[in-house]
1. For the stretch 232-241, state whether one or more residues are touching a strand residue (DSSP E or B) at 6+ places or on another chain (Cβ under 9 Å), buried (at least 17 other Cβ atoms within 10 Å of the Cβ) and either among the aromatic types (Phe, Trp, Tyr) or within 20 Å of ALA61 (Cβ to Cβ) (or both).
2. Of the numbered conditions (1) out of contact with any helix residue (DSSP H, G or I) (no Cβ under 6 Å at 6 or more places or on another chain); (2) closer than 23 Å to LEU220 by Cα, SER87 fails exactly one; give the number of that condition.
3. Can you confirm whether THR149 is in a helix (DSSP H, G or I) and within 16 Å of the chain's Cα centre (by Cα)?
4. Of all residues in the stretch 214-234, which are part of a loop (DSSP other than H, G, I, E, B) and closer than 20 Å to SER247 by Cβ?
5. Exactly one of these conditions fails for THR52: (1) under 26 Å from SER140 (Cα atoms); (2) buried (at least 24 other Cβ atoms within 10 Å of the Cβ). Give me its number.
6. Of the residues ILE213, ILE200, ILE184, ILE224, only one is among the β-branched types (Val, Ile, Thr), crowded, with 19+ Cβ neighbours inside 10 Å, under 20 Å from LEU260 (Cβ atoms) and at pLDDT 90 or above; which?
7. Pull up the stretch 118-143, narrow it to residues that are of a type in the set (Ser, Thr, Tyr) and in contact (Cβ under 8 Å) with a residue 40 or more places away in the chain, then point me to the one that is farthest from ILE213 (Cα to Cα).
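The values are calculated or read from the model by the stated rules, or taken from the named source; none is laboratory data. Not measured: the values here are computed from a predicted model. Virtual Cβ from ideal backbone geometry, glycine too; neighbours counted across all protein chains shown.
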Amino acid sequence: MGMTGQGPRIWAALLALMLLGIAIGPWALPSPLKLDVLHAFAPPGSVAVLGTDELGRSILARVATGLQYSVGVAVLGTLLGASFGISVGLAAGYFGGLVDRVSMRLVDIQIVIPQLLFAMVVVTVLGPSFPTLVIALSLSCWTAFARVTRAQVLVLRQQEMVAAMITVGMSRTRLLLWHVLPNISGALTVLSTLEVAHLILAEAALGYLGLGIPPPSPTLGRMIADGTSALLSGIWWPALVPGIVVSLLILSISRLGDWLQARLDPRQRPGFANEL
């Protein structure tokens with residue numbers, strides 16, 4: 001589905017619905033830890049809207065809580081990773097020389113390591129917890145921000161505006177924070193959106209592997225893992241429901257990123273070629 005017509009509105013509405021569920025879930029839904037073994041594996045619509053798991057816990061309540069953890073970890077991880085990566089990219093692109101070479105070599109070294117594998121190592125060393133996941137995922141995504149920021153700064157350095165500001169004696173800190181950074185904010189906003197989607201997927205994968213937030217807190221990845229064994233018995237909702245929710249959440253955020261890129265990048269506007 002493209003980013004024209006009703007497409008963006010549908011994905012935006014779906015994302016808004018999920019965020020609304022995150023906001024009101026703790027007050028509107030039963031506790032995700034409430035046990036009711038007499039209604040274990042109740043199908044959707046019988047006892048609970050989306051059914052229950054092997055301990056009779058509400059799938060809907062657990063999915064809403066799992067969404068809170070997934071979005072919270074991904075957003076905080078992206079913010080931390082972006083803060084560090086943007087700082088490195090600004091310094092590398094503006095100062096160049098030794099700073100640029102050392103920074104980019106560190107980026108190249110970490111890029112060789114797959115993002116998920118790097119996060120798994122960090123979580124294994126520090127132990128699974130919410131703060132650990134945030135740190136691990138932020139350390140796995142900062143390189144993307146560093147590379148994009150550096151590339152954008154190198155382009156801006158060639159512009160007469162930046163040269164004129166340097167000539168009149170503007171401080172480097174003010175130039176970077178008040179003039180360079182705002183001019184590259186569009187690209188960084190799009191990248192942040194896409195990284196949030198990537199980190200949600202990574203958090204779900206870590207949860208599936210048993211390296212997510214430890215029990216009894218419900219996470220979408222572990223819900224999928226726990227529900228997989230029941231699939232052979234035809235009990236599909238404990239695994240399929242959280243899997244669908246993760247997929248739709250990632251798709252919604254990715255589509256939002258595509259829409260932002262189309263809005264913020266003039267080259268993707270209809271008729272841009274005629275403006276040149």
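1. Yes.
2. Condition (2) is where SER87 drops out.
3. No; evaluated as a whole, the condition is false for this residue.
4. PRO218, THR219, ALA230
5. That leaves (1) as the condition not met.
6. Unique residue meeting the criteria: ILE200.
7. THR143
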